[in-house]
Amino acid sequence: MAATTATATKEESAALSFKPSPTVPLYTDLGEVYSNAPDVAERYKQIATAFELAYGGAPEFYARAPGRVNLIGEHIDYEGYGVLPMAIQQDTVVAIRRVPGGDKLVVGNVEADKYPTQEFPADPAQPVDVANHSWANYFLSAYKGAFELLSSGGAGGAPEPCGLQAVVQGQVPTGSGLSSSAAIVCASMLAILACSGAVAPEGGLDKAQVAEAACKAERYVGVTSGGMDQAISMMGQQGVAMHVEFNPVRGVCVVLPPGATFVIANSLAVSNKAETAPKRKT
């Protein structure tokens, strides 16, 4: 399982700030990824069942990326100014497997009634149809971004495209200001990179590079993304906030006061960025 968050050590938590773990970890035990999260095993069983029903077999990889809240610095990241967000427990999981010799990307969802299965050619150069928004456009944008990162040499070189089968399950409420879009793009990109062989048990895949690539990739759906959402989704760690700076993306974990509690309230105002993005106008 490719995952973005790690847990701060006792020594790190005793400091006021520290550098985050630099590379994407690969886990084989859910207990190493989730701390005190209820029903995790049952959730992944549900994802595995949906995958097997859709494709007749098990996924090769699971990748996950969390949503976020921002503490300081609203709407300034796309001007290059620093921000202080933190990752939240709610995340998006992408289960995936390769189809050698295949030429299609098939993207399904555990909530199939709400998010119907979509198919795309396995062509990294294809455009994203921003005039006709689909939830699966986020996966396609991550696919394009992953191959751009691989082609740049940032993750070991790009393999020949092949078919992919994926199932998505998200806990980050959509349109809520918690960056569900960044969570699905980051999780999808990690899943695709894992299928390419770029994610290894010994690490090596740089989180900041993937965050940069995910930021650029999300723009393919027609939104203006400044990079905060992808940076904290990729680089965040449990129990701390993060001071994120840009050009290039970098972060420092900021230890929160002991016993600090943050209330995330639902304002009932929905913000669907991709559906209202200016680039959708034709």
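The values are calculated or read from the model by the stated rules, or taken from the named source; none is laboratory data. Computed from a prediction, not measured in an experiment: that's the story for all the values here. Ideal geometry is used to build each Cβ from the backbone, glycine not excepted, and the neighbour counts take in all protein chains shown. SASA here: full protein model, heavy atoms, side chains in, ligands and nucleic acids out. Shrake-Rupley method; radii C 1.70, N 1.55, O 1.52, S 1.80 Å.
Gly102 meets each of the listed conditions (1) small (Gly, Ala, Ser); (2) surrounded by 17 or more Cβ atoms within 10 Å (Cβ to Cβ); (3) at pLDDT 95 or above apart from (2). Of all residues in the stretch 195-219, those being open to solvent by 10 Å² or more (accessible area, probe 1.4 Å), among the charged types (D, E, K, R) and modelled with pLDDT of 90 or more number 4. Scanning the stretch 220-230 turns up no residue that is part of a strand (DSSP E or B) and crowded, with 22+ Cβ neighbours inside 10 Å. Counting only helices (runs of 4 or more DSSP H) wholly contained in the stretch 1-96, the ones carrying 1 or more residues that are of a type outside the set (Val, Ile, Thr), at pLDDT 95 or above and loosely packed, with under 14 Cβ neighbours inside 10 Å occupy 40-55.
Conditions (1) in a loop (DSSP other than H, G, I, E, B); (2) within 21 Å of Asp229 (Cα to Cα), marked per residue:
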{"site": "Glu148", "(1), (2)": "no, yes"}
{"site": "Pro159", "(1), (2)": "yes, no"}
{"site": "Gly175", "(1), (2)": "yes, yes"}
{"site": "Ala198", "(1), (2)": "yes, no"}
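Selection of the stretch 39-75 for residues being aliphatic (A, V, I, L, M) and under 12 Å from Asp229 (Cα atoms) yields Ala65, Val69.
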